[in-house]
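Chemist: Have a look at the structure that comes next, please.
The values are calculated or read from the model by the stated rules, or taken from the named source; none is laboratory data. Computed from a prediction, not measured in an experiment: that's the story for all the values here. Note that we place each Cβ from the backbone using ideal geometry, even for glycine, and neighbour counts take in every protein chain shown.
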Amino acid sequence: MKISVISLFPELVHDLTKYSIINKSLKRGVFELQVVDIRDFTHDVHRTADDTPYGGGPGMVLKIEPLIEAIEYVDTSKTSKLVVMTSPAGHLFNQSMALEWKSLDHLIIIAGHYEGVDERIFDIKDIYPVSLGDFVLTGGELPALLILDAVVRLLPGTLGNPESLKTESFQDNLLDCPHYTKPPVFRGIKVPDVLLSGNHGSIEKWRHNERINKTKLFRPDILVDHNDKDL
């Protein structure tokens, strides 16, 4: 899989992919990363990538010319691909999207900025705007990296134990169950006895029930479409 990130601050993307599992995945060739600077596609000596909005108002707007040229620079293949743009006004990103996008040959992520982009870009290119939640950040690089991370960790060869993907949060519209490790007792608090029993059937039943209980407590909204008889 190839992931292209189009950004005003490409160094942020490079810096945050130098570490941890994502970096190991890059080195193993699980995915290919391309980072493109929007300013490389500007046409003035000041490398201007934004301008004031027509109609007045505060803030700046990303110019359409360099963005279009950056997209056309990275989008050169005929393989399955998707162009997404980080935006507070976009579709809410979720695990289902990550699961779907991991099968793409090419994912292009545009890191949005300022008051947004020239709206005409959506008339010219097929772009899917994506939001990480009901809040606003100073730039789209962090959301772009979070999307990249969510997708890459699902690719075969990224995680040491791919079995961990089967029961993690948001699989089957449930959060993950509680987890414990050594020591068995800490400051008087014991690990649940069932986890020390060696009875795998009882452990799986306990974990499933705990996933339901945790989801009811923290995210009852995602239980709406769940058909589990235990709910």
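Chemist: With the condition kept exactly as written, say whether any residue in the stretch 47-54 is under 21 Å from E115 (Cβ atoms), within 22 Å of the chain's Cα centre (by Cα) and modelled with pLDDT under 95.
Modeler: Looking through the stretch 47-54, none of the residues is under 21 Å from E115 (Cβ atoms), within 22 Å of the chain's Cα centre (by Cα) and modelled with pLDDT under 95.
Chemist: On to the next question. What is the number of the single condition among (1) in contact with a helix residue (DSSP H, G or I) (Cβ under 8 Å, 6 or more places away or on another chain); (2) farther than 30 Å from D51 by Cα that I147 does not meet?
Modeler: With (1) in contact with a helix residue (DSSP H, G or I) (Cβ under 8 Å, 6 or more places away or on another chain); (2) farther than 30 Å from D51 by Cα applied to I147, the lone miss is (2).
Chemist: Only one of these is exposed (fewer than 12 other Cβ atoms within 10 Å of the Cβ) and of a type outside the set (S, T, Y): V35, V30, V45. Name it.
Modeler: So the residue among V35, V30, V45 that is exposed (fewer than 12 other Cβ atoms within 10 Å of the Cβ) and of a type outside the set (S, T, Y) is V45.
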